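Data first, discussion second: the structure below is written as structure tokens.
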Amino acid sequence: MASQWHSLVSQKLFLARTLLGQLDRFTAQNEEYAPNEAEQALRREAAIQGAIELILRSRRLLLVMIARLYQEKSREPSTLTELASVIGEESREIDRLRELEHRAGSWWDHLDQLETAQGRPPATRKTVSTENIIAISTDSGPDRSAPALLKTLNAVKNFADDLEEQHSEW
């Protein structure tokens, strides 16, 4: 049963990887129609946001997969806290995920940042002119570049694969 959830997690990650692979391939399918810069930017943003949503969905499904590995069939946790209440705070998986949650730069941390950014409207930016230029540091948000997203995606995939392998040995 848990392997079906592992397959679903893997499927979402594969689809996210496919979207990220499209980022550099926004060329026309025929020579008569070539997308302009605005269309290319729109397609790029759609691919990035779609990939992020699929990776976030795979993380939620990973939590359900872990619950199924512990034979919990009635509940589908959507947060780490919910998972801990389902399978117990002392489980090895909770320990690993809590450590990732608290480690800056981990895949879990990156996904938390992406989830926060996806759920908020973009920050309004002031127009820059010679009269109002002030050198300040602004929060540009989480790294949404294809390499950063692929790194996080691969880390989630490795985590899910390791779990599946460990539990299938029993």
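The values are calculated or read from the model by the stated rules, or taken from the named source; none is laboratory data. Note that the coordinates shown come from a computational prediction; the quantities given were computed from them, not determined experimentally. Positions of Cβ are generated from backbone atoms using ideal geometry, with glycine treated the same way; all protein chains shown enter the neighbour counts. Surface accessibility is based on the protein's heavy atoms, side chains included, excluding ligands, DNA and RNA. Shrake-Rupley method; radii C 1.70, N 1.55, O 1.52, S 1.80 Å.
What the table shows:
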item: For K73, solvent-accessible area (1.4 Å; no DNA, RNA or ligand), Å²; result: 120
item: Contour minus Cα-Cα distance for E72 and L15 (0.36 nm per residue); result: 17.8 nm
item: Neighbour net charge for R57 - beta-carbon separation under 11 angstrom, K R +1, D E -1; result: +1
item: Environment charge at K151 (Cβ cut-off 13 Å; Lys +1, Arg +1, Asp -1, Glu -1); result: +1
item: Candidate aspartates and glutamates - alpha carbon under 13 Å from K151, same-chain residues fewer than 8 apart omitted; result: D109, D143
item: Relative contact order computed over the range 61-102 (Cα-Cα under 8 Å; 6+ residues apart), in percent; result: 32
item: Counted charge near S106, where neighbours are those whose Cβ lies closer than 10 Å (Asp, Glu -1; Lys, Arg +1); result: -3
item: Sequence of F14, F159 from largest to smallest accessible area, 1.4 Å probe; result: F14, F159
item: Accessible-area value, S85, 1.4 Å probe, nucleic acids and ligands omitted, Å²; result: 80
